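Written below as structure tokens is the structure these notes are about.
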Amino acid sequence: MSDFLIETRQLTKNYGDQTVVDSVNLHVKKGRIYGLLGRNGAGKTTIMKMILGLTPITSGEVKVFGRNIKGREKKVYPRIGAIIETPGFYPNLTGSENLEIFAKLRGTAAPNAVKRAMDVVGLPYKDKKLFGKYSMGMKQRLGIANAILHDPELLILDEPTNGLDPIGIAEVRNFILDLSKQEGKTILISSHILSEIALLADDIGIIDHGVLLEESSMRELEKKNSRYILLQVSDIPKASLILERQFHTQDYSVSDNHTLRIYDTSLNMAAVNKALMMEDVAVISSQLCNDTLEDYFKKITGGEGIA
Amino acid sequence: MDINGYLMFGCIFFFFVILYLIIKLCRVREQLSLIREALEDIKAGNLNRRVLTRESDMTKQICYGINEIAVGSQSLLIQQRQSEQAYKRLMTSLSHDVKTPLASLVGYLEAVEGKLVTGEEAEEYIHVASEKAYRLKEFVTSLFEWVKLDAGEQVYHFEVYDLNELSRNIMAEWIPVLESAGLDYEIDIPETEDTVRVDPNAYTRILNNLFQNILVHSEADHVTLHIAGEEQQIGITVTDNGKGISKENLPHIFDRLYQCDHSRSMQGNGLGLSIAKELVNAHGGTITASSTPGAGTTFTILLPKVL
């Protein structure tokens, strides 16, 4: 089996003569959280729907668990848990009763599946409150509980934090992280909020007007998000002495025999360079890395930015 | 009704019984093929695979059993992977925690040796250099201690001691340190005897690490040590009035290499509290922390008494 749990090739969706998803090649790696980032209407939900077979594919193909899903839907879908927009629950039943129905329909992987799923999302089990009386946040939580009810290998979550208050967002974020880090689930999640994705995802795909502009690991992106002065000098001990004595900073780290990073970006680079030269330390290169993720996204989305 | 009528009725009855059994058989066969497929997948290493089963299935218990084994192996595997990652982080932090102070240490010494500084300034340089050397030594010591604990190679010499007497001796060493750091202290150790099976070196290390932690991280100006014997156990509480630990950080402070402030200041190495926890565990005790950000932190150690 390949390392990709979801792989799409030239995935395209047209509504009439309008192209909402344009030749998208998505690669979701096993055991990781993949964040699909894009503004409202960028095509995130349509991609997820096509992966789940909820809407027909115009052209291209979707591979899930390493194989094309066409004709294998019945075998594949029980291994996926999903929440796409507002899930359909019966308003005149309680949360637990709703989940019991889904558990009966789909089957479960362990006894007490309903209770466990509700515990994970922090909803009371066997509560008397009817779904119709649920708040937006509780509905969203029940939706996630439904997605994890059968302990699936792959979760597809479309904007799971929509409609939640800040504390709720942090809670949902934490248990999504737990599902990935403690249980090894693979998760595809979409959001239009950059900071949210930055906190969650291992890999990130940026989508704008139906086109996947960039796909990269968060670690790669974070390198673009760092603020430090990178110095290459001939004599590290001497350079560090100068930094400590003349510039009174200890906020630096030595990477190898000739490279150090100064994290205190308030230092005047010209002054540092000059001081080093004066003391006979040759400066091979010095470079200020001062980019934020936000700047970067503005750059790749053509100045419009995300969120 | 004649014989034919009964025969007819019997035939229909048997027909339905056979139909029911055939349906049941088909369902079990279907289940078995699902189970076989899932087992192949699990055997190939996909420990996230689950077999779904319904309440009425004959194979329910088998499916639950298979899932349980997969879940168990998966969590073991993840634990292993996490400890591997911790080692990797250890190596990365080693390269910073050792290389950087070492480089500047060499810088200071070279300046003195090359007569770049003389007189009082030279003496100050030597003072700074020796401080850095001591800090390095401390770091390397705790690193080895931690590795030894982690590998389970630590040898303890447990004996029955009066914990109060032992604690008084340890605090006698700490009083001048606290005074020179400008910390008020309040030490409340009962005059009576409370006997505990401890390794005195390990117990000293536990208290030292707690106080060291307060000294380096808390920004407190008052610290309390309070010991109270109960029926079964002795409670040792260390309280400071410093900046406290936030709710997000609190659950992780005993994790190895966890540091609340991610700045690269030279102090602290993220090992002290995790060593303390390992040592307390070895004594059959517990260590917990509670904190109010802005108001201070309380560490509570409970050790079982010798009755």
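Annotation for the stretch B:58-75: at least one member residue is open to solvent by less than 30 Å² (accessible area, probe 1.4 Å), of a type in the set (V, I, T) and more than 8 Å from chain A (Cβ to nearest Cβ).
The residue of the stretch A:160-183 that is most open to solvent (accessible area, probe 1.4 Å), among those that are touching a residue at least 60 places away in the same chain (Cβ under 8 Å), under 13 Å from A:E196 (Cα atoms) and not β-branched (V, I, T), is A:L177.
Close contacts from the stretch B:40-63, counting a first residue that is in contact (Cβ under 8 Å) with a residue 24 or more places away in the chain and a second that is assigned to a loop (DSSP other than H, G, I, E, B) and charged (D, E, K, R), with Cβ to Cβ under 8 Å and a gap of 6+ residues or different chains, come to B:I42/B:R49; B:N48/A:E153; B:N48/A:E183; B:N48/A:K185; B:C63/B:D57. Under the condition of being within 15 Å of A:P237 (Cβ to Cβ), more than 10 Å from chain A (Cβ to nearest Cβ) and crowded, with 16+ Cβ neighbours inside 10 Å, the residues counted in the stretch B:108-126 number 1.
Of the set (1) within 30 Å of A:D235 (Cα to Cα); (2) hydrophobic (A, V, I, L, M, F, W, C); (3) surrounded by fewer than 14 Cβ atoms within 10 Å (Cβ to Cβ), all apply to B:L105 but (3).
The single condition among (1) among the acidic types (D, E); (2) open to solvent by 90 Å² or more (accessible area, probe 1.4 Å); (3) within 39 Å of the chain's Cα centre (by Cα) that B:E37 does not satisfy is (2).
Would you say B:N164 is more than 20 Å from the chain's Cα centre (by Cα), assigned by TED's automatic domain parsing to the domain that holds B:S290 and of a type outside the set (S, T, Y)? Steps first, please.
Numbers: more than 20 Å from the chain's Cα centre (by Cα): yes; assigned by TED's automatic domain parsing to the domain that holds B:S290: yes; of a type outside the set (S, T, Y): yes.
In short, yes.
Based on this model, can you work out whether B:N169 counts as crowded, with 16+ Cβ neighbours inside 10 Å and either free of Cβ contacts under 8 Å to residues at least 12 places away in the same chain or farther than 21 Å from B:L215 by Cα (or both)? Judged against the criteria, B:N169 is not a match. The condition (being over 24 Å from B:G72 (Cβ atoms) and within 14 Å of chain B (Cβ to nearest Cβ)) is satisfied by just one residue among A:I148, A:I144, A:I167: A:I167. Restricting the search to strands (runs of 3 or more DSSP E) fully inside the stretch A:195-257 and requiring at least 3 residues that are among the aliphatic types (A, V, I, L, M) and under 30 Å from A:V20 (Cβ atoms) gives A:203-208, A:211-217.
Looking across the stretch B:280-297 at every residue that is among the β-branched types (V, I, T) and touching a residue at least 24 places away in the same chain (Cβ under 8 Å), the one that is nearest to B:G152 (Cα to Cα) is identified as B:V280. Those helices (runs of 4 or more DSSP H) of the stretch A:30-116 in which at least 1 residues are at pLDDT below 90 and out of contact with any Leu (no Cβ under 8 Å at 6 or more places or on another chain), considering only elements entirely within it, cover A:73-76, A:95-106.
Does the stretch A:111-129 hold any residues that are touching a residue at least 40 places away in the same chain (Cβ under 8 Å) and over 15 Å from A:G81 (Cα atoms), and which are they? Steps first, answer last, please.
Initially, the stretch A:111-129 is screened for residues touching a residue at least 40 places away in the same chain (Cβ under 8 Å), giving A:120-122.
Listed by number, the list holds a single entry, A:G122.
Residue selection: A:R79 fails the criterion of being out of contact with any Gly (no Cβ under 9 Å at 6 or more places or on another chain), free of Cβ contacts under 8 Å to residues at least 40 places away in the same chain and more than 26 Å from A:L130 (Cβ to Cβ).
Screening the candidates B:A129, B:A151 for the property of being within 14 Å of chain A (Cβ to nearest Cβ) and among the hydrophobic types (A, V, I, L, M, F, W, C) yields one hit, B:A129. Of the listed requirements (1) within 14 Å of another protein chain (Cβ to nearest Cβ); (2) part of a helix (DSSP H, G or I); (3) among the acidic types (D, E), A:D119 misses just one: (1).
The values are calculated or read from the model by the stated rules, or taken from the named source; none is laboratory data. From a predicted model like this one, the values you see are computed outputs, not experimental measurements. Ideal geometry is used to build each Cβ from the backbone, glycine not excepted, and the neighbour counts take in all protein chains shown. Just so you know, the surface numbers come from the protein's heavy atoms only, side chains and all, with ligands and any DNA or RNA stripped out. Shrake-Rupley method; radii C 1.70, N 1.55, O 1.52, S 1.80 Å.
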